[in-house]
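The values are calculated or read from the model by the stated rules, or taken from the named source; none is laboratory data. If you're wondering where the values come from, they're calculated on a predicted model, not measured in any experiment. No Cβ is skipped: glycine too gets one built from the backbone with ideal geometry, and neighbour counts run over all protein chains shown. Ligands, DNA and RNA are excluded from the accessible area calculation, which covers all protein heavy atoms including side chains. Shrake-Rupley method; radii C 1.70, N 1.55, O 1.52, S 1.80 Å.
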Amino acid sequence: KDLKDSLSGLRGGFARLGGAVAAKEIIETGISAIESERRIKLLTAASGDTAEALAIAERAAKKFGLSQTEANTGVARLLARLKPMGMSLETIESTFVGFNTAARLAGATASESSGAFLQLTQALGSGVLRGQELNSILEQAPLIAQAIAEELNVTVGALKKLGEEGKILSPVVIRALSRVGREGAGQL
């Protein structure tokens, strides 16, 4: 009986602990959602594009089965990198849609997509795709690499050399992603 009571108490303790962990995860998820929306608001405050930027994220979340936080974070990354370069919200949306279309069609995992997207946004912000960012795209997002190669009228194998030479510029990548979004939409 003592062993049974001890096990019952232990089970109850684990259940309470599990509930606490679940509550903590729910709170952290809520905070992340608020922060991702807040970031979009901060990035668009000066231009007055907040509502449209949030709508872009909402459409992407629905279309690609992303959480609203994931979509907000992705749109915020593109806003931070492309808006200072004078890119429109339409370009930002087509870039985000193109990336997610390619990731979905390639069957990329969430972590592969996240890593490749981070590398891609860093490259777009710097104006050129090369080095570690290019390697990430070649390995984790082969459909994007293929689209970039088509845009440059070269083979995927030639991208490494072009990257080393600094010849894969942001406008090329953006055009390639826009095309992926348009042409791949029917395959989703």
Going through LYS167, LYS161 one at a time, which residue ends up being touching a strand residue (DSSP E or B) at 6+ places or on another chain (Cβ under 9 Å) and either open to solvent by 60 Å² or more (accessible area, probe 1.4 Å) or assigned to a strand (DSSP E or B) (or both)?
LYS167
Residues of region 92-122 satisfying the condition of being within 19 Å of ILE40 (Cα to Cα) and open to solvent by 30 Å² or more (accessible area, probe 1.4 Å):
GLU93, SER94, SER114, LEU118, GLN122
Note on GLY186: of the conditions (1) in contact with a helix residue (DSSP H, G or I) (Cβ under 9 Å, 6 or more places away or on another chain); (2) within 22 Å of LYS63 (Cα to Cα), unmet is (1)
State whether one or more residues within region 170-184 are modelled with pLDDT of 95 or more, in a helix (DSSP H, G or I), within 21 Å of ILE40 (Cβ to Cβ) and open to solvent by 30 Å² or more (accessible area, probe 1.4 Å).
no
Taking only region 46-91 into account, find how many residues are open to solvent by 70 Å² or more (accessible area, probe 1.4 Å) and farther than 25 Å from ALA110 by Cβ.
6
Select from region 140-173 the residues that are in contact (Cβ under 8 Å) with a residue 12 or more places away in the chain, closer than 25 Å to ASN72 by Cα and not hydrophobic (A, V, I, L, M, F, W, C) and list them in ascending order.
GLN140, PRO142, SER170
Out of ALA102, ALA116, sole residue that is touching a residue at least 60 places away in the same chain (Cβ under 8 Å) and closer than 21 Å to LEU79 by Cα:
ALA102
